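Undergrad: One structure is given below, represented as structure tokens, and several questions about it will come after.
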Amino acid sequence: MNPLLRDILVWLVKAGVVYGGLLGVAAGMTLAERKVSAWMQYRHGPNRVGPWGLLQPIADGVKFIFKESLTPDGANRWLFRFAPAIAAVPAMMTVAVIPFGPAVPLPDSWGVPAAFTNLSVTDLDIGLMYLLAIGGLSIYGVILGGWASNSKFSLLGGLRASAQMISYELTLILTILAVVALSGSLSLRGVVEAQPDFWEWNVFHQPLAFVLFSIAAFAETNRHPFDFAECEPELVSGFHTEYSSMRFALFALGEYCAMVVMASLWTTLFLGGYKVPFWENAPWFVCVAAFCAKTSLFLFLYLWVRWTLPRFRFDQLMHLGWKVFLPLALVNLFLTGAAVSYGVDLW
Amino acid sequence: MAEVSFYALAALAVLFAMGVVLARSPMMSVLNLLGTFFCLATIYLLAGFQFIAAAQILVYGGAIMVLFLFVIMLLNLAELGVKAESGSGLFKGTGAKLGAAVAVATALALLITATADSLGRTAVRQRPEGIDDLEGIAAELFGRYGLPFEAISVLLLATMVAVVMLAKRQRRAGDSPAPTPSAPAKEQGR
């Protein structure tokens, strides 16, 4: 076998594992959401399909496929059909740059010399920029879906989503910049390699950025307590009021995929990514397990917050975003920049 | 390969740009503009400028176009667009068409100049050494071009403040024909 063929094979396997994993976790999250809410509200939750209701996501998927796909009167047909795809695709594109493990040795076999492969679909030098740029596009699905539906509730949902995204993306990017200044790299793998030890994790060096990023992450993924694009007591279901069948399922899929990517980004930026605490040079499968465990922690946080906190008001969200978080993030970035450029180690 | 992709992308960018001025609803115009930005970003990628391409999508695609959509949805400009299309004033319609024609012609002229310049060599010019890496860009931006860079940001800020002031004055004049002395003070305090 020649080395090029091996490289292509390795790449295909990595891509398959990552995308399969992403879709699997996203499907699992729909079940987890209902199970965790049931647990917190002292109920059973779905428990009829398969053992402990584990096959519920499949049942849901089949149901979605067989539902009728409605297009409301007066809707802009092209955009109405296009919007769910725009909502779902960016999250699936961004997962490609998430490093979920260290370099893995490929054995010396079939006459191909031994080599290493990094565990991520691709390692871009500007991975963080790519992630932010492409991830920010998923908002178009929400805006266009809300606008094309020709419904007042949907339009209001889309409007709120666009205002919210612009406001919180600023905070998100400024906190990420503080981490980038500290690590000196825009590549996600570089950020992970810059926090090798438990006490080097950015959550200890950038506590303020961690808190701000966490709050902005909820707003960016349109999740409770900032899910104003849906907001069922006020807007029925906001931007996806008029959607049914697989088009609705695509919106849900996009939201859950975005959550998974955001949780991995959280892990990568602040919790040392795939690094295992107090165990340097851990074997690669332990590293992957550590990455999955840390990411699950944040995914659980999403559910925990959703079923615990009440929803904010929209003006409160804007007030917080522009008058509290943005100045704090700016001050944090300024202090970090000053500390880095004058070589002051605050720790 | 790069050459073919470049010409295809350039043609697509021009098509999208024509869509911006020819589309009936402002919403479609914005989406066409977005398409143009994507084509440009891809051309940057072809030339090897990863960072600039990502910045293009991040800033224009992710932020500015969302803002445009927000404003269009907020003002419900779809109706306005229809009105302008079927406007009774002959001069108005002709003016709009003339403007569009001039814009398209300018874009075409620019593209032809750009392509003619690069014909005979490679369509996509290789980047100068040391520009693509972030440190190179940062050194240029904050070193040699530091003053212009800061001046532009101050200019943008001044423009923003001026627009806010103009809009406020207009609204105040529209709200109350005879402003009471307490009204401006209240506005300022807010």
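Undergrad: Specify the residue that is farthest from A:Ser244 (Cα to Cα); the eligible residues are those in the range A:67-85 that are in contact with a Ser or Thr (Cβ under 7 Å, 6 or more places away or on another chain) and open to solvent by less than 50 Å² (accessible area, probe 1.4 Å).
TA: The qualifying residue farthest from A:Ser244 (Cα to Cα) is A:Ala75.
Undergrad: Return a yes/no flag: does the range A:112-121 have any residue that is surrounded by fewer than 22 Cβ atoms within 10 Å (Cβ to Cβ), over 18 Å from the mean Cα position of the chain (by Cα) and more than 28 Å from A:Phe285 (Cα to Cα).
TA: Within the range A:112-121, not a single residue is surrounded by fewer than 22 Cβ atoms within 10 Å (Cβ to Cβ), over 18 Å from the mean Cα position of the chain (by Cα) and more than 28 Å from A:Phe285 (Cα to Cα).
Undergrad: Evaluate the following for A:Val95: is it away from every other protein chain (no Cβ under 14 Å) and part of a helix (DSSP H, G or I)?
TA: yes
Undergrad: Looking at (1) facing chain B (nearest Cβ under 9 Å); (2) more than 30 Å from A:Thr122 (Cα to Cα), can you tell me which one A:Glu169 breaks?
TA: (2)
Undergrad: Could we say that A:Gly136 is at the interface with chain B (Cβ under 10 Å from one of its Cβ atoms) and either of a type in the set (Lys, Arg) or within 21 Å of A:Gly273 (Cβ to Cβ) (or both) here?
TA: So A:Gly136 fails the test.
Undergrad: Mind checking which residues of the range A:10-31 are open to solvent by 30 Å² or more (accessible area, probe 1.4 Å), touching a residue at least 24 places away in the same chain (Cβ under 8 Å) and within 16 Å of the chain's Cα centre (by Cα)?
TA: Scanning the range A:10-31 gives A:Tyr19, A:Leu23, A:Val25, A:Ala27, A:Gly28, A:Thr30.
Undergrad: Further, regarding this structure: Is it the case, given these coordinates, that A:Phe64 is more than 21 Å from the chain's Cα centre (by Cα), at pLDDT 85 or above and of a type in the set (Phe, Trp, Tyr)?
TA: yes
Undergrad: Now for a different question. Could you grab me the full set of residues in the range A:139-153 that are within 14 Å of A:Pro90 (Cα to Cα), more than 8 Å from chain B (Cβ to nearest Cβ) and open to solvent by less than 10 Å² (accessible area, probe 1.4 Å)?
TA: Result: A:Gly141, single match.
Undergrad: What do you reckon, is A:Pro327 open to solvent by 50 Å² or more (accessible area, probe 1.4 Å) and either in a helix (DSSP H, G or I) or over 15 Å from A:His224 (Cα atoms) (or both)?
TA: So A:Pro327 fits the description; yes.
Undergrad: Given the conditions (1) more than 11 Å from chain B (Cβ to nearest Cβ); (2) open to solvent by 20 Å² or more (accessible area, probe 1.4 Å), report the number of the one that A:Leu212 does not fulfil.
TA: (2)
Undergrad: Which of the residues belonging to the range B:33-63 are more than 8 Å from every other protein chain (Cβ to nearest Cβ), open to solvent by 30 Å² or more (accessible area, probe 1.4 Å) and under 30 Å from A:Asn150 (Cβ atoms)?
TA: Scanning the range B:33-63 gives B:Leu33, B:Phe37, B:Phe38, B:Tyr60.
Undergrad: Right, next: Among (1) in contact with a helix residue (DSSP H, G or I) (Cβ under 9 Å, 6 or more places away or on another chain); (2) open to solvent by 30 Å² or more (accessible area, probe 1.4 Å), where does A:Asp7 come up short?
TA: Condition (1) is where A:Asp7 drops out.
The values are calculated or read from the model by the stated rules, or taken from the named source; none is laboratory data. The structure presented is a predicted model; accordingly, all values stated were derived computationally and were not measured. Cβ coordinates were reconstructed from backbone atoms using ideal geometry, including for glycine residues, and neighbour counts include every protein chain displayed. These area figures cover heavy atoms from the full protein model, side chains too; ligands, DNA and RNA do not enter into them. Shrake-Rupley method; radii C 1.70, N 1.55, O 1.52, S 1.80 Å.
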